[in-house]
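Notes to accompany the following structure.
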Amino acid sequence: MTQDELKDAVAAAAIVEIMPRLERDTILGIGTGSTANRFIDRLAALRDDFQGAVASSEASAERLRGHGIEVFELNSVGRLPFYIDGADEVNAHLQMIKGGGAALTREKIVAACSTRFICIADASKRVERLGRFPLPIEVIPMARSYVARELVKLGADPVYRQGLVTDNGNQIIDCFDFMIDDPVDMEARLNGIVGVVTNGLFATRGADVLLLGSVSGVERLTLD
Ligand code: 5RP
């Protein structure tokens, strides 16, 4: 199976996961990226069975609207029952690195407002230790050099993602060569650097369910 087929399989599994719990007034939290896109495309067939979605990026919002799914502002809705999104890396504790698509801040916000985070990923994303994938940090533009110097002190090799502006008008620094032993502690330390908007460690609030696609099928992992 190709990686694209695995992404499609986990998107289909996520539909099976949420379908029995959809009500006419359900609003879903939807992530960003190629795996989330496959989920959005499959969700289109169910558009009359739920109310709409909150998106973690302008790109996902546009895709949802393109399928006739109403997109709501997060401030106009209450708690969301589900947040469905991909990941760049995920460990055995369902902690993740996210933000390869630069949507990490809105992803973290929508995830925080959601009761159940369903992570959909192909098996290449499963790691023992987070950090081989460069950890993205969203920064206020004027703080970029300062934050980069602080990241060097923490042992990272920070690289400015040239030419990229996030949906929030900020910039991204990717931390290379930054293997992470204690994701909860590192998430807090990185967020403590002045000028950091947020970082791509989803450790304090990790996933609740991981649907992991491999050649042998889709495995469903939870912490309970
Ligand atoms: C975007 C993300 C994505 O979830 C992550 O990059 C995975 O993307 P893909 O499904 O394309 O592999 O965090 O900011």
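With Leu64, Leu74, Leu94 as the choices, which residue is in contact with a Ser or Thr (Cβ under 9 Å, 6 or more places away or on another chain) and either among the aromatic types (Phe, Trp, Tyr) or in the same structural domain as Leu43 (by TED's automatic domain parsing) (or both)?
Among Leu64, Leu74, Leu94, only Leu94 is in contact with a Ser or Thr (Cβ under 9 Å, 6 or more places away or on another chain) and either among the aromatic types (Phe, Trp, Tyr) or in the same structural domain as Leu43 (by TED's automatic domain parsing) (or both).
Tell me, which residue of region 20-42 that is assigned to a loop (DSSP other than H, G, I, E, B) and among the β-branched types (Val, Ile, Thr) is nearest to the ligand (Cβ to nearest atom)?
Ranking the candidates gives Thr32 first.
Does Gly99 count as at pLDDT 95 or above, assigned by TED's automatic domain parsing to the domain that holds Val10 and on the phi > 0 side of the Ramachandran plot?
Numbers: at pLDDT 95 or above: yes; assigned by TED's automatic domain parsing to the domain that holds Val10: yes; on the phi > 0 side of the Ramachandran plot: yes.
It is true that Gly99 is at pLDDT 95 or above, assigned by TED's automatic domain parsing to the domain that holds Val10 and on the phi > 0 side of the Ramachandran plot.
Consider region 197-217. How many of its residues are surrounded by 21 or more Cβ atoms within 10 Å (Cβ to Cβ) and more than 16 Å from the chain's Cα centre (by Cα)?
1
Here are Val184, Val159, Val152: which of them is more than 16 Å from the ligand (Cβ to nearest atom) and assigned to a strand (DSSP E or B)?
On inspection, the qualifying residue turns out to be Val159.
The values are calculated or read from the model by the stated rules, or taken from the named source; none is laboratory data. As the structure is a prediction and not an experimental result, all values here were calculated from the model. Glycine also receives a Cβ, built like all others from the backbone with ideal geometry; neighbour counts cover every protein chain displayed.
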